[in-house]
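Quick notes on the structure that follows.
The values are calculated or read from the model by the stated rules, or taken from the named source; none is laboratory data. All figures in this text were calculated on a predicted structure; none of them were measured in a lab. Here Cβ is always computed from backbone atoms with ideal geometry, including for glycine, and neighbour counts include all displayed protein chains.
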Amino acid sequence: MKYDTLASQDSIQKTMEALTERGHLPELVESKTQALARIKELIPTGASVMNGSSRTLEEIGFVQYLKI
């Protein structure tokens, strides 16, 4: 697996389909900024949240957002 290359559209589509088949509701966004904004929209004010040491959440700024 190459970690220095973006996933192909086909790979993204297959992943989203597999997640949907397993009862998840995947959403595709175009940027880190959009990803962070969408997460903020989904989490109710006052909710307790864990990040599970997610590198992705760190990279989009979510961990820093939780510290505010």
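For this structure, a couple of remarks:
For every residue, the table says whether it meets (1) in contact (Cβ under 8 Å) with a residue 24 or more places away in the chain; (2) over 22 Å from GLY61 (Cα atoms); (3) surrounded by 11 or more Cβ atoms within 10 Å (Cβ to Cβ).
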{"site": "TYR3", "(1), (2), (3)": "no, no, no"}
{"site": "GLN9", "(1), (2), (3)": "no, yes, no"}
{"site": "THR15", "(1), (2), (3)": "no, yes, yes"}
{"site": "ALA18", "(1), (2), (3)": "no, yes, yes"}
{"site": "GLU41", "(1), (2), (3)": "no, no, no"}
{"site": "GLY46", "(1), (2), (3)": "no, no, no"}
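- Consider the stretch 50-68 and keep the residues that are among the β-branched types (Val, Ile, Thr) and surrounded by 12 or more Cβ atoms within 10 Å (Cβ to Cβ). The one that is modelled with the highest pLDDT is ILE60.
- Positions within the stretch 19-53 being under 17 Å from ALA7 (Cβ atoms) and hydroxyl-bearing (Ser, Thr, Tyr), in sequence order: THR20, SER31
- Among the residues making up the stretch 20-39, those that are out of contact with any helix residue (DSSP H, G or I) (no Cβ under 7 Å at 6 or more places or on another chain) and surrounded by 12 or more Cβ atoms within 10 Å (Cβ to Cβ) are GLN34, ALA37, ARG38.
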